[in-house]
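Written out below as structure tokens is the structure these notes cover.
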Amino acid sequence: MLRRLGVLDRIRVGLLVLGLVFVATGLLPWADAVKSLDEIGPLLVFLVAIIVLAELTKEAQVFDAIATRMAVLGRGNYAALFFLCTAFASFITIFLNLDTTAVLLTPVMLALAPRARIAALPLAMTTIWLANTASLLLPVSNLTNLLGMDKIGLDTQEFAARMWAPQIASIAVTMAFLWAFYWRRGERRDLRYTPPVLEPVADRVLFSAASGGCLLFIVLLLLKAHVAIAATAAAAIIVTAFVLRARERLTWSLIPWQLVIFVTGLFLVVPTLSAHGLNTVMTWMIGTESDPYRTAAVGAGLSNAINNLPAYWAVEAVIPPADQDRLLALLVGTNVGPVITPWASLATLLWFESCRRHEVRVPMRRFLLTGAGLAVVGLVTTVWALVSFG
């Protein structure tokens, strides 16, 4: 069984095993472990429900239909297609989580590329960059946002009221970098693309149920329902439709066990390290001057070094709950910053795997350099927007 696991899966399992070892040896007291796992219970429910919701929405051809209609609406004009694609990727990230954009929207866009004779790399870079940088507006947009909600002490609407300006700033900078380095004429080569032919949806009932489930999820969020309840209710509608119409497509592979294992292990390992010296290091790194720019930079740097989830969890532990500005700046760093290294966010790791399966070559040097530029400019601009308007 271990031989069948990929490298990433082995790392996730190893993280969980390490966490259990910490509990068994007493390095993490049992009471602290139980408290930590209690905190992530609703988070794991949301995570499973939103992935099932997104996966079945893709199976119902909702994403395919929207992507194809976008290409048709663009009428062969790359500038029009660019704005439509960035708007679509941003919307999916904001309301359905960045992993949905990276894991499910990426294959849809890559499948669209040969049908419309569009270069695949610009579409791929659009999904992964906006999966990260468009994940600031709502708590559900990114797992780091959900991790910080209790300590930040804001509900969904209050959080959006603080983060709307930073979100606009980060998307605007991302669009500028996408156009300059991947979408403009000199990079894509073609003057126009060929609009694809619209194809009928295979099952109208599944398509309608999936669309309705996604709309219900968004409405429940606006009504301040708990994210786990909203995602579960929406997923239940789509699962019921598939039970009635296509039961054979409901498989255990829909359950994101890799993410569940990773998050559970993370919530055991990081508290243990924090109690044995990590907090001191984090306090030294972010300083005591309550500087949001420094805090965001540390979050971004650690994210690109080790991954944004443990980076956020480690730094958040040393920021007092009353310091909302620095907590939000840390989210900027761990959401906008992880665009340099392939392991900076879980979404990026999953995106690289999707590109490999679709035989899309990602030039690593170009990926690193353009990502570094986006991280620096995006971080400064977004934190400025947070300080000035948030």
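Read-outs throughout are calculated quantities, based only on the coordinates presented, and are distinct from any laboratory measurement. Not measured: the values here are computed from a predicted model. As a convention, Cβ positions derive from the backbone with ideal geometry for all residues, glycine included, and neighbour counts pool all protein chains shown.
Structure data summary
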quantity: Which of T283, M125, W384, positive extreme of dipole for the chain (C-beta unit charges); calculated: M125
quantity: On Cα atoms only, tilt of 106-116 relative to the major axis of the chain in degrees; calculated: 20
quantity: Lys, Arg +1 and Asp, Glu -1 on Cβ, resulting dipole of the chain about Cα centre, debye, nearest 20; calculated: 1460
quantity: Fewest-first sequence of Y182, Y312 by Cβ atoms within 10 Å of each Cβ; calculated: Y182, Y312
quantity: Between 0 and 90°, nearest 10: helix 346-357 axis offset from the chain longest Cα axis; calculated: 40
quantity: Value at 222 nm in deg cm²/dmol, rounded to 500, when DSSP H runs of n ≥ 4 in the chain each add -39,500 (n - 2.57); calculated: -24000 deg cm²/dmol
quantity: Spin-label zone in segment 70-99 - amide nitrogen under 15 Å from a point set 7 Å from the Cα of L191 along the C-beta vector; calculated: 76-79
quantity: nm² value of the averaged projected area, convex hull over the Cα atoms of segment 1-125; calculated: 10.4
quantity: Sorted by Cβ neighbour density within 10 Å, fewest at the top, the residues W284, W343, W164; calculated: W284, W164, W343
quantity: Chain lengthening between D9 and L198 when straightened (0.36 nm per residue, less Cα-Cα); calculated: 64.2 nm
quantity: The chain: radius of gyration and largest Cα-Cα distance (Dmax), Å; calculated: 20.6, 64
quantity: Most mobile of S141, S211, S170 in a GNM of the chain (Cα contacts under 10 Å); calculated: S211
quantity: Reachable lysines from K35, criterion Cα separation under 22 angstrom, eight or more residues apart if same chain; calculated: K151
quantity: Exposed trypsin sites (Lys or Arg not before Pro) absent: longest stretch of the chain, with sites in DSSP loops and at most 15 other Cβ within 10 Å deemed exposed; calculated: 225-360
quantity: Global form of segment 253-390, assessed from the alpha-carbon gyration tensor, a/c cut-off 1.5; calculated: oblate
